[in-house]
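The values are calculated or read from the model by the stated rules, or taken from the named source; none is laboratory data. What you see is a predicted model; the values in this text were computed from it and never measured. With ideal geometry, Cβ positions are generated from the backbone for all residues, glycine too; neighbour counts draw on all protein chains shown.
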Amino acid sequence: MFKRPLAIALFGLVAATSGVAAQEFQIVKVPSVTAAPVKDLKPKTIIFNDHRDDESAGSFVKFEDWGRAAPTQKQLLSIYPTFNEATVTRNVDGVSKTYKDKLQLYIAEARFPLDKPAASIDLSKYTTIGFMEKLDPQIKHEVIKASDFRYSKDERNVNNKNPDREWCEGKAVTLCLRSKYMLEGKIPMGIALANKLRDGDKHLANFVEFESELRLLGPTEIDELSLRKLTGVDAPVTAVLEQNIFAINQIMRFGKFITVIQQNPVNPNGTIISATVALAVSSSTLEMKKGYESVPVLRNLVPSQVLMGNSSFNTGTSISSGLPNYARNRIKAIAEILER
């Protein structure tokens, strides 16, 4: 006589448990990630800010303004700490001109709690191709070594040469990759049309290919004081995983992703994860409008619109969807993988 009520109760328990297990992380926009009190963080919630609603900063921040307003970010999120915009000399219509290769950056910051001790998180498990493919299945990777570099000598990437060491060398480097992403949706069609307008200029490719390294920083490489300033969390840093994108075939100039593991200052058995993204784009790319706006079908292919996800050409969940969506999805994937 008790079998039916017991079965119903068990079914309800299983359903409730399954619902909890299936719950995804939610992303909540906040005015400032670093200023948000740690005690107010909620489970399964990522607080996020990429300054898109900040009229003074706009969608992108100029490199020189970034250095003045956020020197710690510039130090830790530049492709290397002493990086500066390159000085370029070119011959234009028979006249030699020297100018700064101006850059602008898309910056995204995020923070979320995990209900497990910081010391229990072993980041070495995540320095694999398998981990990278879980972050974004649309991007395909292959392991390379320094002698395999394809793009590092291109003019656009020469200034990314690290003066302190060779890329993919050093004891902290755990993986060296070449990654390829085939642009999705309408963008390849738009690129084919745009190439007809470029005359003698180098044609755009229908893919983004880049070379990067993963570094797992040990105690001797961790700059504890600067990392606490970066995250806004005054607690011990137990591990840092970073990806340095130092050579790219087009669109972006460099990229950096950094994940910082810290003990939760209000819960010794909990962890605070801070994830920060910096993606640099040439100002000349962002200002490229005239040729596109004169062709009706390409009016929505203006690079600044496409990069910020504000174009009818945007599609998918990866780079083709725009940098804000790409950054959000990557951070969300990191949160879900680290929680599991």
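Here are a few things to note about the model shown:
- Qualifying residue in region 156-172 (condition: small (Gly, Ala, Ser), within 30 Å of Leu301 (Cβ to Cβ) and either part of a loop (DSSP other than H, G, I, E, B) or within 21 Å of the chain's Cα centre (by Cα) (or both)): no
- Selection over region 189-218 of residues that are at pLDDT below 90, in a loop (DSSP other than H, G, I, E, B) and among the small types (Gly, Ala, Ser) gives a count of 2.
- Matching option when the condition is in contact with a helix residue (DSSP H, G or I) (Cβ under 7 Å, 6 or more places away or on another chain), among the basic types (Lys, Arg) and in contact (Cβ under 8 Å) with a residue 12 or more places away in the chain, among Lys145, Lys140, Lys134: Lys134
- Considered as a group, the residues in region 126-142 that are crowded, with 17+ Cβ neighbours inside 10 Å and in a helix (DSSP H, G or I) include one that is modelled with the lowest pLDDT, and that residue is Tyr126.
- Annotation: of all residues in region 77-116 being under 16 Å from Asn160 (Cβ atoms) and hydrophobic (A, V, I, L, M, F, W, C), the one that is surrounded by the fewest Cβ atoms within 10 Å (Cβ to Cβ) is Val88.
- Odd one out for Leu114, checked against (1) under 28 Å from Leu338 (Cα atoms); (2) out of contact with any Gly (no Cβ under 9 Å at 6 or more places or on another chain); (3) modelled with pLDDT of 95 or more: (2)
- First in region 207-236 and within 24 Å of Arg253 (Cα to Cα), second anywhere and of a type in the set (Asp, Glu) and surrounded by fewer than 17 Cβ atoms within 10 Å (Cβ to Cβ), Cβ under 8 Å, 6 or more apart: Arg215/Glu221
- Leading residue by the ranking (farthest from the chain's Cα centre (by Cα)) among those in region 87-125 that are of a type outside the set (A, V, I, L, M), within 30 Å of Arg52 (Cβ to Cβ) and not in a loop (DSSP other than H, G, I, E, B): Tyr99
- Residue check, Val61 at pLDDT 80 or above, over 19 Å from the mean Cα position of the chain (by Cα), surrounded by 18 or more Cβ atoms within 10 Å (Cβ to Cβ) and under 29 Å from Ala235 (Cβ atoms): no
- Considering only residues in region 287-307 that are at pLDDT below 80 and in a helix (DSSP H, G or I), the one that is surrounded by the most Cβ atoms within 10 Å (Cβ to Cβ) turns out to be Tyr292.
- Checking Thr315 against (1) of a type in the set (Val, Ile, Thr); (2) closer than 24 Å to Phe25 by Cα; (3) part of a strand (DSSP E or B), the condition it does not meet: (3)
- Asn310 meets the conditions (1) buried (at least 22 other Cβ atoms within 10 Å of the Cβ); (2) not in a strand (DSSP E or B) in every case but one. The failed one is (1).
- Selection status of Arg328, basic (Lys, Arg), touching a helix residue (DSSP H, G or I) at 6+ places or on another chain (Cβ under 9 Å), under 24 Å from Leu76 (Cα atoms) and buried (at least 19 other Cβ atoms within 10 Å of the Cβ): no
- Sole exception among (1) touching a helix residue (DSSP H, G or I) at 6+ places or on another chain (Cβ under 7 Å); (2) touching a residue at least 12 places away in the same chain (Cβ under 8 Å) for Glu293, by number: (2)
- The sole residue among Asp148, Asp122, Asp154, Asp223 that is at pLDDT 90 or above, of a type in the set (Asp, Glu) and surrounded by fewer than 12 Cβ atoms within 10 Å (Cβ to Cβ) is Asp122.
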